[in-house]
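The values are calculated or read from the model by the stated rules, or taken from the named source; none is laboratory data. What you see is a predicted model, and the numbers here were worked out from it, not measured in a lab. So basically every Cβ, Gly included, is an ideal-geometry build from the backbone, and we count neighbours across all protein chains shown. The protein model used for the area step is the full one, side chains on, heavy atoms only, and it has no ligands, DNA or RNA in it. Shrake-Rupley method; radii C 1.70, N 1.55, O 1.52, S 1.80 Å.
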Amino acid sequence: METLKRGFLAGLKTTWTLSKIIFPITLFVVILQYTPIFPWIIQVISPFMELIGLRGEAAIPLVLGNGLNLYAAIGGILSLELTVKEVFILATMLSFSHNIFIETGVALRVGVKLWIVLVVRFGLAILSAVIINLVWQGGGEIAKYGITTATQQIPDGWLEIAILGIQKATFGVLQLAIIVIPLMVIIQFLKEKGYLQKFSEVIGPFTKIIGLKPNASLTLVIGLVMGLAIGAGVMIQAVKEDGVSKKDATIAFIFLVACHAVIEDTLIFIPLGIPILPLFLIRIMTAFVLTIIVAYLWNKAEQTKQKEVATPS
């Protein structure tokens, strides 16, 4: 019973910590969507679209996906007549850089530096688009979408817009609580029974490959399956209780930035009629390669610094 109580309280605390980020940002972005600023942002971005193999109107799903989430972006894609190649480029970019405000907020809460999050997410999105545009010569046919979405009714007036924003923000927090609280209870149970330690030992070789200590393994698995925000919730707890270092937290988040919620985030693109296996493999391979390189360079820099300190001038 005490285990259940401790897990429940940890879940509540984590939900409250993340909700202070999720609620205001969601409310702000939803309201922003119905202001003149939103079309202006799209207009500013449109001229750069050709550089990554996209037409100007493709800026709409890019802005929606980065401002809100992948579902909003898919709604934007479905409203446009795009080629398979263009849809694939959008799907790959958005896999790396969707929901940027909230997911950056939770990364900062863990202690990951802002510039690292932005450079990795936008860097991977742009680089992947450029490479796909140059390498893939096919995909010129018009994409045939497997589903259509109902047209969302535009709110009438600021009061309705504000109510819609509050509804979406509240739903986001409740959705988070439904996942985080039971998850924290389970983690607390596994921790007190010693199963978590055994799990860390089993997955240790995997974390070692990408330059992490075993105590960061749970965050990787949770983030990989359930997403960056949920992974951040577990990481916040792990930093406090398990002594996960700032370096390991940053490296784990670099991996998850490239490859969080990889199953769900890949499967939701199926209705767009694009090849999802390459999308899945691109994210997995990018996460491994990027994280291994970062961990290697970081360790090298630390060794050089230690030598300089040990060798008096």
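Gain on full extension, evaluated as 0.36 nm per residue between Trp115 and Leu267 minus their Cα-Cα distance, stands at 51.8 nm. Using only the alpha-carbon atoms of segment 1-155 as identical scatterers, what base-10 log of I(q)/I(0) does the Debye formula give at q = 0.10, 0.17, 0.21 Å⁻¹? Treating every Cα as an identical point scatterer, log10 I(q)/I(0) equals -0.44, -1.04, -1.39.
Can you list the residues of segment 180-209 with backbone N under 14 Å from a point 7 Å past the Cα of Gln306, pointing along Cα to Cβ? Flagged as within label range: none.
For segment 266-272, 3J(HN,Hα) computed residue by residue from phi via the Karplus equation (6.51, -1.76, 1.60; θ = phi - 60°) reads 7, 5, 5, 8, 3, x, 7 Hz, glycine and proline entered as x.
Estimated from helical segments only, the mean residue ellipticity of the chain at 222 nm is -25000 deg cm²/dmol, where each DSSP H run of four or more residues counts as -39500 (n - 2.57). When Cα extents along the principal axes in Å is computed from the coordinates, the matching label among (1) 57, 49, 40; (2) 59, 45, 38; (3) 57, 38, 34 is (1).
The string of couplings for segment 209-217 from the Karplus curve (6.51, -1.76, 1.60, θ = phi - 60°) is 4, 9, x, 10, 7, x, 6, 9, 5 Hz, one whole number per residue in order, with x for Gly and Pro.
Over segment 70-166, with every protein chain in place, what whole percent of the accessible area is carbon and sulfur at 1.4 Å, could you tell me?
Looking at segment 70-166 in its full context, I get 68 percent from C and S.
Coupling constants for segment 33-46 follow from the phi torsions by the Karplus curve (6.51 cos²θ - 1.76 cosθ + 1.60, θ = phi - 60°), and in residue order they are 4, 10, 10, x, 5, 4, x, 5, 4, 4, 5, 5, 6, 3 Hz; glycine and proline get x. Anisotropy class assigned to segment 194-254 is rounded, per the alpha carbon gyration tensor with a/c under the 1.5 cut-off. The mean accessible area for residues of the chain, using a 1.4 Å probe and ignoring ligands and nucleic acids, is 51 Å² per residue. Modelled spin labels at Tyr195 and Lys20, positioned 7 Å past Cα toward Cβ, are 3.2 nm from each other.
Quick one: pull the percentage of alpha-carbon pairs in segment 139-265 with a separation above 22 Å.
Considering segment 139-265, 51 percent of its Cα-Cα pairs are separated by more than 22 Å.
Scanning residues 5 or more positions from Thr83 or on other chains, those with amide H under 5 Å from its amide H are Ala143, with H placed 1.01 Å from N in the peptide plane.
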